[in-house]
Amino acid sequence: MPNTARRAERELDGVPGDAGPAPAARTRTVLRRLAGPAGFLLLLAVLFYAYLRLSQTYPENSDEANILLMADDMLHGNLFLSGWHVSDVPFITTELPEMAALVSMFGLRLETAHIAAALTYTLVLGVAMLLARGRSRGKKAVVRMAVALGIMLAPQPGVGIFVADFSVGHIGTALPVMLTWLVLDWAISPGAPGRPGPSRRARWWLPVVAAVMLGWAETTDPLVLVVAILPMLAVCLARVIPDLVRAARDTGGAAGFRSVARARWLELSLAAAGGVGYVIAGVSGLLLRHAGGFVQQAVPYNFDSPGKWFMQGRVVVHGLLEIFGAYFVPGQQEPQAGAPAPGTLDQVLAFAHLAGVILAIWGACAIARRFFRADADFVSQLLLAGIIANIAAYVPSALADHSALNTREVAPVLPFAAVLAARMVGERLLRAPAAGPPLLARAKNAGPRLAAGSLTVLMAFYAFGLARQAETPPAAEPYATLVSYLKNHHLDYGIGGYWESSVITVESGGSVTIRAVSAACLRPYQWESKAEWYDPSRHRADFLLLDNVPGFFSQFSPAPGALILLNNWLGTAKHEDAGSHKMVNGFPLYQYEARVYSGNLLSQLPRLYATLPNPPASLVRQMNAAGNKVTRGPDTCS
């Protein structure tokens with residue numbers, strides 16, 4: 001029966017002519033469209049669980065505990081963190097709201113910090129994959145996302161996990177920056193054939209959105225100035241200046257410059273948007289301070305002498321290789337508490353991750369060659385400029401003159417490089433060769449298949465490494481024995497060193513509260529602390545916790561003069577051996593001592609740091625008699 005007859009027959013029965021197969025076809029189309037996003041979200045869920053297990057292999061410390069305490073304070077209405085002295089990175093618009101939401105769901109406990117760290121890295125990885133994909137579709141999109149995923153998939157035990165999946169730091173800063181680049185990529189890049197991007201008239205809002213997003217990011221982390229705002233300015237000028245030079249050469253008049261301004265209005269407006277974003281962050285900080293918000297520490301950025309730069313560069317290379325999971329030199333990795341020493345298989349896994357480093361370098365070189373071309377990929381230019389600026393600012397600074405753990409200062413390099421490799425190199429790996437002689441063409445045609453097979457095997461090996469790392473048992477609670485001792489002796493509020501204070505407070509659920517003071521004069525430690533903690537009208541601190549053995553995130557030995565004065569003012573302290581705790585994998589034995597006083601230590605702290613900088617002669621004699629050779633002067637309190 002002809003098709004027209006069939007349609008007429010269905011219409012006589014009350015069924016529209018094209019109603020039969022259309023619903024099923026639409027359903028299949030919808031399912032195909034949903035399959036990709038559903039698979040992507042499922043992948044992120046699986047990775048979140050793996051990253052949670054990795055984060056748990058590191059014992060928590062007071063940095064993470066203080067962030068939890070700040071988030072809990074925000075959750076209870078102190079949105080501006082009034083009374084707080086925060087670090088040089090306030091996290092006020094990014095990690096803190098995230099952790100406040102998690103505290104409301106999971107409670108104020110150390111495990112919540114691990115959940116937050118794993119969630120942050122999962123989100124960074126997810127946004128990196130989306131930015132790597134860009135506007136590509138089909139196989140090209142899959143390859144791009146797979147390259148970004150492979151480079152970031154398995155952080156290396158030690159520095160890699162510490163920087164990417166444990167500490168609250170600059171890895172989270174990459175998230176708002178890449179979200180900003182994702183918006184720019186969607187609005188600027190041309191779409192697939194038949195699906196062009198928004199018109200110039202429809203993009204008037206883009207500089208406004210970019211300024212707001214960069215201001216939001218800069219408010220939470222000054223590093224955004226280095227990795228996003230200055231690169232935005234540099235890239236936009238690099239795209240505009242060649243046209244201005246040509247206009248000056250060809251026309252030599254204002255008309256040529258106006259023509260360039262009209263043609264390059266978007267780059268010029270985005271360059272201005274970066275500056276506006278910086279102003280937004282500055283005004284936000286002023287408003288927060290005017291509203292009685294937190295006090296932020298200055299960024300401890302200082303240049304080291306040029307003679308140190310080479311050695312610092314070596315430390316940075318070491319740290320970057322560990323972040324990429326590719327530091328394979330036996331016995332040279334930074335130690336990780338609670339984790340077994342790396343074996344031969346770990347070295348092989350690290351060596352395999354050199355492939356990701358090679359792809360990242362390849363991608364950087366590819367965009368560097370095209371950097372000043374008119375058709376250069378805008379997002380790739382921004383990423384390369386951000387990487388260069390981050391490393392160039394870090395290597396000569398005093399921050400780099402430490403262990404590889406300080407490579408957290410260049411943590412955005414990892415996701416930036418992963419996206420850059422994916423956008424510039426990804427699809428080239430599977431690109432069909434140009435036509436040629438049959439024998440040569442057949443040999444060349446084997447190249448993409450070989451590359452695809454190699455990438456699949458490499459990704460499977462990386463996934464195996466991630467699964468193997470996720471099987472590492474969680475680190476034991478580092479202060480469980482000490483907390484039990486303090487509880488049993490009814491020592492519920494005291495003062496001590498920074499690294500033991502807040503982590504014990506959170507680990508004990510507040511049943512044992514220790515507030516951090518400096519070792520020199522027992523001043524309130526003004527780094528992620530709240531002034532109210534040291535108010536003697538609200539709290540009574542009756543013990544001082546000492547940790548006399550050097551170690552990892554440890555040791556607190558107050559100045560002898562402070563201990564002598566406390567004994568003079570409050571009576572000789574009762575010494576309590578608070579037990580010891582031994583960290584595995586070569587970490588030293590920690591020996592704690594609790595000195596219990598009859599009075600309130602908090603009421604004596606102002607007297608201490610008022611007296612110690614210029615101690616009386618009687619105190620100097622007591623200190624010298626105790627074997628501490630000192631003289632009167634301000635250096636006594638240092």
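The values are calculated or read from the model by the stated rules, or taken from the named source; none is laboratory data. In this text the structure is predicted, and so the values were computed from the model without any measurement. Here the Cβ positions follow ideal geometry from the backbone for every residue, glycine too, while neighbour counts run over all protein chains shown. For the accessible areas, the whole protein counts, side chains as well, though only heavy atoms, and no ligand, DNA or RNA atoms are used. Shrake-Rupley method; radii C 1.70, N 1.55, O 1.52, S 1.80 Å.
Among the residues of the range 479-487, is any outside any helix (DSSP H, G or I) and open to solvent by 30 Å² or more (accessible area, probe 1.4 Å)? Full working, then the answer.
The first filter runs over the range 479-487 and keeps only residues outside any helix (DSSP H, G or I), leaving 479.
Still in the running and open to solvent by 30 Å² or more (accessible area, probe 1.4 Å): none.
No, because not a single residue in the range 479-487 is outside any helix (DSSP H, G or I) and open to solvent by 30 Å² or more (accessible area, probe 1.4 Å).
Name the residue, out of Val329, Val299, Val348, that is at pLDDT 85 or above and of a type in the set (A, V, I, L, M). Even if it seems obvious, please write down each step before you answer.
Numbers: Val329 fails: at pLDDT 85 or above; Val299 fails: at pLDDT 85 or above.
Within the list Val329, Val299, Val348, the selection yields Val348.
Just one of (1) more than 30 Å from the chain's Cα centre (by Cα); (2) in a helix (DSSP H, G or I); (3) not polar (S, T, N, Q) trips up Ile504, so point out which.
Here Ile504 clears every test but (1).
Provide a single number: the residues in the range 368-386 that are surrounded by fewer than 22 Cβ atoms within 10 Å (Cβ to Cβ) and either in contact (Cβ under 8 Å) with a residue 40 or more places away in the chain or of a type in the set (Asp, Glu) (or both).
Taking the range 368-386 first, the residues surrounded by fewer than 22 Cβ atoms within 10 Å (Cβ to Cβ) are 368-378.
Next, from what is left, pick out any that are either in contact (Cβ under 8 Å) with a residue 40 or more places away in the chain or of a type in the set (Asp, Glu) (or both): 371-372, 374-378.
Residues in the range 368-386 being surrounded by fewer than 22 Cβ atoms within 10 Å (Cβ to Cβ) and either in contact (Cβ under 8 Å) with a residue 40 or more places away in the chain or of a type in the set (Asp, Glu) (or both): 7 in total.
Answer yes or no as to whether Tyr525 is within 22 Å of Asn78 (Cβ to Cβ) and under 27 Å from the mean Cα position of the chain (by Cα). Even if it seems obvious, please write down each step before you answer.
Working: within 22 Å of Asn78 (Cβ to Cβ): yes; under 27 Å from the mean Cα position of the chain (by Cα): yes.
Judged against the criteria, Tyr525 is a match.
Those residues that are open to solvent by less than 10 Å² (accessible area, probe 1.4 Å), under 30 Å from Ala263 (Cβ atoms) and either within 23 Å of the chain's Cα centre (by Cα) or acidic (Asp, Glu) (or both), I need them from the range 345-367; list them, please.
Hit for the range 345-367 is Gly363, nothing else.
Might you check whether a residue that is part of a loop (DSSP other than H, G, I, E, B) and surrounded by 15 or more Cβ atoms within 10 Å (Cβ to Cβ) occurs anywhere in the range 37-46?
So in the range 37-46, the residues part of a loop (DSSP other than H, G, I, E, B) come out as none.
No, every residue in the range 37-46 fails to be part of a loop (DSSP other than H, G, I, E, B) and surrounded by 15 or more Cβ atoms within 10 Å (Cβ to Cβ).
All but one of (1) part of a helix (DSSP H, G or I); (2) surrounded by fewer than 24 Cβ atoms within 10 Å (Cβ to Cβ) hold for Arg135, so report the exception by its number.
Condition (1) is where Arg135 drops out.
Could you grab the pairs with beta carbons closer than 9 Å, sequence gap of 6+ or different chains, first residue in the range 236-250 and closer than 9 Å to Glu267 by Cβ, second one of a type in the set (Gly, Ala, Ser) and open to solvent by 60 Å² or more (accessible area, probe 1.4 Å)?
Arg239/Ala374
Does any residue in the range 598-624 that is under 30 Å from His490 (Cβ atoms) come within less than 8 Å, Cβ to Cβ, of a residue that is among the charged types (D, E, K, R) and surrounded by fewer than 14 Cβ atoms within 10 Å (Cβ to Cβ) six or more places away or on a different chain, and which pairs are these?
Hits for this filter: Leu602/Asp535.
Given the residues Pro433, Pro342, which is the only one that is under 17 Å from Leu321 (Cβ atoms), modelled with pLDDT under 85 and more than 20 Å from the chain's Cα centre (by Cα)?
Numbers: Pro433 fails: under 17 Å from Leu321 (Cβ atoms).
Sole residue among the options that is under 17 Å from Leu321 (Cβ atoms), modelled with pLDDT under 85 and more than 20 Å from the chain's Cα centre (by Cα): Pro342.
How many residues does the range 283-317 hold that are under 26 Å from Leu214 (Cα atoms), open to solvent by less than 90 Å² (accessible area, probe 1.4 Å) and without any contact (Cβ under 8 Å) to a residue 40 or more places away in the chain?
Residues that pass the stated criteria total 1.
Pull out all pairs, ordered by first then second residue, where Cβ-Cβ is under 8 Å, the residues are six or more apart or on different chains, the first lies in the range 393-406 and is over 16 Å from Leu230 (Cβ atoms), and the second is surrounded by fewer than 21 Cβ atoms within 10 Å (Cβ to Cβ) and hydroxyl-bearing (Ser, Thr, Tyr).
From residues that are over 16 Å from Leu230 (Cβ atoms), the pairs are Ala398/Tyr301; Leu399/Tyr301.
Consider the range 581-618. How many of its residues are surrounded by fewer than 19 Cβ atoms within 10 Å (Cβ to Cβ), modelled with pLDDT of 85 or more and in a loop (DSSP other than H, G, I, E, B)?
3
Can you pull out every residue in the range 383-411 that is of a type in the set (Gly, Ala, Ser) and in a helix (DSSP H, G or I)? Talk me through it step by step, then tell me what you get.
Our first condition is that a residue be of a type in the set (Gly, Ala, Ser); within the range 383-411, this holds for 385-386, 389, 392-393, 397-398, 400, 403-404, 411.
Answer for the range 383-411, where residues must be of a type in the set (Gly, Ala, Ser) and in a helix (DSSP H, G or I): Ala385, Gly386, Ala389, Ala392, Ala393, Ala398, Ala400, Ala404.
Of all residues in the range 205-231, how many are open to solvent by less than 20 Å² (accessible area, probe 1.4 Å), within 11 Å of Ala389 (Cα to Cα) and hydrophobic (A, V, I, L, M, F, W, C)?
4
How many residues are within 17 Å of Thr219 (Cα to Cα) and outside any loop (DSSP other than H, G, I, E, B) if we restrict to the range 53-98?
Taking the range 53-98 first, the residues within 17 Å of Thr219 (Cα to Cα) are 67, 70-71, 74, 79-82, 84-98.
Still in the running and outside any loop (DSSP other than H, G, I, E, B): 67, 70-71, 74, 84-86, 95-98.
Result for the range 53-98: 11.
Here is a list of conditions, (1) open to solvent by 30 Å² or more (accessible area, probe 1.4 Å); (2) in contact with a Gly (Cβ under 6 Å, 6 or more places away or on another chain); (3) of a type in the set (Gly, Ala, Ser), and Ala404 meets all of them except one; can you say which number that is?
Of the numbered conditions (1) open to solvent by 30 Å² or more (accessible area, probe 1.4 Å); (2) in contact with a Gly (Cβ under 6 Å, 6 or more places away or on another chain); (3) of a type in the set (Gly, Ala, Ser), the odd one out for Ala404 is (1).
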